Amino acid sequence: MIRATLWGIRGSLAAPGADTARYGGNTSCVEVRGPAGTVIVLDAGTGIRQLGAALTGKTRRVDLLLTHLHMDHIQGLGFFAPLFDPEVEVHIWGPASTTLDLKARLMRYLSPPLFPVHLRDLPRLVMHDLPWEPFRIGEFVIASALVCHPGPTVGYRIATREAVLTYLPDHEPALGVPRFPQEPAWTSGYTLARGADLLIHDAQYTLAEYGEHVGWGHSAVDHTLAFAALAHVRRLATFHHDPAHGDQAIDAITAAAVAAARPSFPVTAGAEGMSFALGA
Ligand SMILES: [Zn+2]
Ligand SMILES: [Zn+2]
């Protein structure tokens with residue numbers, strides 16, 4: 001069984017407040033646990049702080065997979081307690097750019113004047129540029145691929161023998177496609193999402209909002225549902241909610257998109273604290 005728990009579901013900027021209390025205001029962070037106890041963390045948005053506190057004293061190794069280095073996906077990194085714990089080995093995986101490796105790219109944020117601590121001062125940190133072939137972490141096989149979003153950005157397909165989780169938090173597969181969706185082979189993210197037990201996917205905008213943000217790298221909820229149907233996923237959790245969407249707006253936007261698309265799979269609007277069990 002894979003267990004996936006959402007610690008941060010917000011896109012772009014943390015959005016705490018009475019209006020977002022139910023879905024949550026923290027930016028992207030998902031905890032993934034395998035049957036043998038391997039812990040993988042997806043993205044280091046502000047939600048990672050509370051996850052780090054929950055992991056303290058309970059694990060000796062954490063593998064953090066970054067999709068890309070936009071601030072909403074790395075802002076919590078310096079507040080992730082396992083990074084400062086000499087008992088815990090932290091491995092960070094993420095995309096290099098054409099000119100810089102992951103370490104050099106991350107150091108731009110994790111160094112003064114933007115942050116008081118240098119990466120080199122962290123006790124047991126290992127950095128990995130993402131390999132382009134699938135790789136293993138414990139009982140997981142992990143595949144990544146570049147997806148449609150500004151700058152080097154990947155999605156992840158995380159599989160055990162029993163289950164598959166796909167994570168595409170920042171993704172605009174409808175960009176440049178007159179009638180979305182079209183052929184699977186030409187659709188960004190398709191090979192990562194195909195047949196997944198759970199797809200966690202960008203659902204930042206309404207269709208009207210998307211019209212004003214074409215090329216910004218995100219999806220309208222309607223595109224998210226169409227992409228999930230194209231990929232024949234078993235379940236969809238919408239994610240990366242716009243900071244301007246309060247709880248009632250997320251309820252209404254999700255209900256309207258589901259009523260229009262009538263998907264054959266369950267759709268859940270992702271909320272902080274939600275947990276999904278996949279596979280036997
Ligand atoms: Zn983002
Ligand atoms: Zn982004």
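The values are calculated or read from the model by the stated rules, or taken from the named source; none is laboratory data. Everything numeric in this text was worked out from a predicted model, so none of it was measured. In this analysis, Cβ positions are derived from the backbone assuming ideal geometry, glycine residues included, and neighbour counts consider all displayed protein chains. All accessible areas refer to the heavy atoms of the entire protein, side chains included, with ligands and DNA or RNA removed. Shrake-Rupley method; radii C 1.70, N 1.55, O 1.52, S 1.80 Å.
Approximating the spin labels as points 7 Å out from Cα along Cα→Cβ, the residue 216-to-residue 229 distance works out to 2.5 nm. Give me the angle, in degrees from 0 to 90, between the Cα long axis of helix 247-261 and the longest principal axis of the Cα atoms of the chain, rounded to the nearest 10. That helix lies at roughly 50 degrees to the long axis. On region 20-116, 56 percent of the accessible area sits on carbon and sulfur atoms, based on a 1.4 Å probe. Estimated at 0.36 nm per residue, the fully extended path between residue 277 and residue 179 surpasses their Cα-Cα distance by 31.9 nm.
Each principal axis of region 76-135 carries a Cα extent, and these read 32, 28, 18 Å when sorted largest first. With a simple spin-label model that places each label point 7 Å from the Cα along the Cα-to-Cβ direction, the separation between residue 19 and residue 91 comes to 4.2 nm.
Test of the criteria: in region 11-97, which GluC sites (Glu not before Pro) are in a DSSP loop and have at most 15 other Cβ atoms within 10 angstrom of their Cβ?
Details: sites: 31, 87, 89; in loops: 87.
For GluC sites (Glu not before Pro) across region 11-97 that sit outside H, G, I, E and B with at most 15 neighbouring Cβ atoms in 10 Å, the list reads 87.
What is the percent carbon and sulfur in the accessible area of region 217-276, measuring with a 1.4 Å probe over the protein chains and ignoring ligands?
Numbers: 1230 of 2320 Å².
Within region 217-276, the accessible surface is 53 percent carbon and sulfur.
Which value in Å is the Kirkwood Rh of region 5-126 over different Cα pairs?
Values: mean 1/r = 0.0679 Å⁻¹.
Result for region 5-126 stands at 14.7 Å.
Can you grab the distance from the C-alpha centre of region 1-49 to the C-alpha centre of region 150-189, Å, no decimals? Value for the Cα centre distance between the two parts: 19 Å. The mean of 1/r over all distinct Cα pairs in the chain, once inverted, gives the Kirkwood hydrodynamic radius of 18.7 Å.
With every protein chain present, what is the per residue accessible area of the chain (1.4 Å probe, Å²)? It would help to have the intermediate numbers written out before the result.
Values: 12100 Å² over 280 residues.
Ligands and nucleic acids excluded, the figure is 43 Å² per residue.
The angle separating the long axis of helix 221-230 from the principal Cα axis of greatest extent in the chain is about 90 degrees.
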